[in-house]
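Engineer: Handing you this structure, nothing more for now.
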Amino acid sequence: MPARQSPAPQTLPPVHRQIIAGLGAPFQGVVVLTKNRNLWALSLVSLTLGLVWSGLALLELAVPVSEVWWKQGLSALANGLLGAGIIFLQILIAACAPLLDLLGERTEAHLKIGLAGAPLTEILTLRFVKNGIRAIVEALKLLTFKVVLYAVSALIHLIPLVGPPLAYLLSGIATGADFLDYPLARRGLPLKAKLARLRTVWPASISFGLSVFLILSIPGAGGIMLAPAVIGGTWLISYLGLVETP
């Protein structure tokens, strides 16, 4: 069966409204989550991932800089764990893509932009396994794309003055693509087509990515926003009209 290609929107919100919507989408995700208890159980997965992120960030802050050799070693270990933890977290997000995808699917049903999925009691049905495999494959493709962007970002960051802002921008683009991916992937769009679709709404895509990246960078607090980021990304896709309504 060919992939369903949702038509590109004919009328887009003006640039300033796209930017405002992108910046506020994660917080809109919080609003949707608090009003829909059906999303709470699925949010526990991303909450667990977020606690890993937050715990490692707090560990780094908890180790003071000191001239004492063993404190320096502990600080270096904490920094190493944080770096490894971020990479590990990205892998976990890709591995848990089926459940995060299901969270986005439930959000679509709540927003009335998609068909309701199978109940949680049918989580191991053939349909879920099939969609889960698809989600993992697409998540791994996206992970590769993000790794490239993060690597380029790390190199650009070394450039004086202009490097850090450009690196932050690239990191935001990578983050935004991550959380905007789920509703587009459910339409059967390959990575290239999804990126092309997001380019048509680049003000919202970039502002959303920068907002999520900044929130996730808050030590000890940002990680718990993973679920609202997934929900907010789905809400933003709906607001922009990038997916069809049944």
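Read the figures in this text as sums done on the coordinates, not as results from a lab. Source: prediction; values computed, not measured. Methodologically, a virtual Cβ is constructed for each residue, glycine included, from the backbone with ideal geometry; neighbour enumeration extends over all protein chains shown.
Engineer: Go through the stretch 225-241 residue by residue and turn each phi into a ³J(HN,Hα) via Karplus (6.51, -1.76, 1.60, θ = phi - 60°); whole Hz please, and just put x for glycine and proline.
Structural biologist: 8, 4, 4, x, 5, 4, 5, x, x, 5, 4, 5, 4, 5, 4, 7, x
Engineer: Quick one: length gained pulling residue 217 to residue 192 fully straight, 0.36 nm per residue minus the C-alpha distance? Show your work: numbers first, answer last.
Structural biologist: Details: separation 25, 0.36 × 25 = 9.00 nm, distance 2.78 nm.
Stretched out fully, the residue 217 to residue 192 stretch lengthens by 6.2 nm.
Engineer: On to the next question. At a 10 angstrom cut-off on C-beta neighbours, averaged per residue, how do the peptides 159-168, 136-145, 172-181, 229-238 rank from highest to lowest? Mind dumping the intermediate values first?
Structural biologist: Working: 159-168: 12.7, 136-145: 17.6, 172-181: 24.9, 229-238: 28.4.
Taking the mean over residues of other Cβ atoms within 10 Å, the ranking is 229-238, 172-181, 136-145, 159-168.
Engineer: Relative contact order, percent, of the stretch 161-246 when contacts are C-alpha pairs under 8 Å separated by at least 6 residues? Let's see the in-between values first.
Structural biologist: Values: 67 pairs, mean separation 33.3, N = 86.
Relative contact order, the stretch 161-246: 39 percent.
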